[in-house]
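As structure tokens, the structure follows; a few thoughts come after it.
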Amino acid sequence: LHLPVCVSAALVAMAAQLIQDDLTLTRRVGQSVSFSCQQIDQCSSDYVFWYQKKETETFRLILRIDKSNGKIYSGYNHPQRDDFSAVNKQNGCELKIENVKLQHSATYYCYCWTGSHIIEKKNVLSVNKVMSVRKICV
């Protein structure tokens, strides 16, 4: 009678191991950045979703990428949706920002469903202003 409970506990432990390590990146305004999401071959759905979470805001859906053909759907009314692109890679996908702005400072998550659990990866982006340097002649 206790076997299903043990199996369920093992599945939960396995699912926890599939949550990928957090990554923190720092970029200056104008630089590019990309976030990777691995293990998507384990997703039962064809879609991988990318979300943005700012400290004082709720999760905002940026886009979804079809892992079978690389097609991107970004009609989720994200205010900076034109700043983001995505691409399929071997056993993963990437979210890219070509021209980083201050308002891109946030935490980015990729999600997909495996049929029994969610695969999640968390990426934190910190954007710094470009420091202006003045040359002073004496």
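The values are calculated or read from the model by the stated rules, or taken from the named source; none is laboratory data. Note that the coordinates shown come from a computational prediction; the quantities given were computed from them, not determined experimentally. Every residue, glycine among them, receives a Cβ derived from its backbone with ideal geometry; neighbour counts consider all protein chains shown.
Go through the range 83-97 and count every residue that is of a type in the set (D, E, K, R) and modelled with pLDDT of 95 or more.
Count: 2.
Across the range 61-97, which residue is surrounded by the fewest Cβ atoms within 10 Å (Cβ to Cβ) among those that are more than 22 Å from Gln31 (Cβ to Cβ) and basic (Lys, Arg)?
Checked the range 61-97; the qualifying residue surrounded by the fewest Cβ atoms within 10 Å (Cβ to Cβ) is Lys71.
Quickly run through the range 32-51 and pick out the residues that are within 14 Å of Leu63 (Cα to Cα) and without any contact (Cβ under 8 Å) to a residue 60 or more places away in the chain.
Selection gives Asp46 alone.
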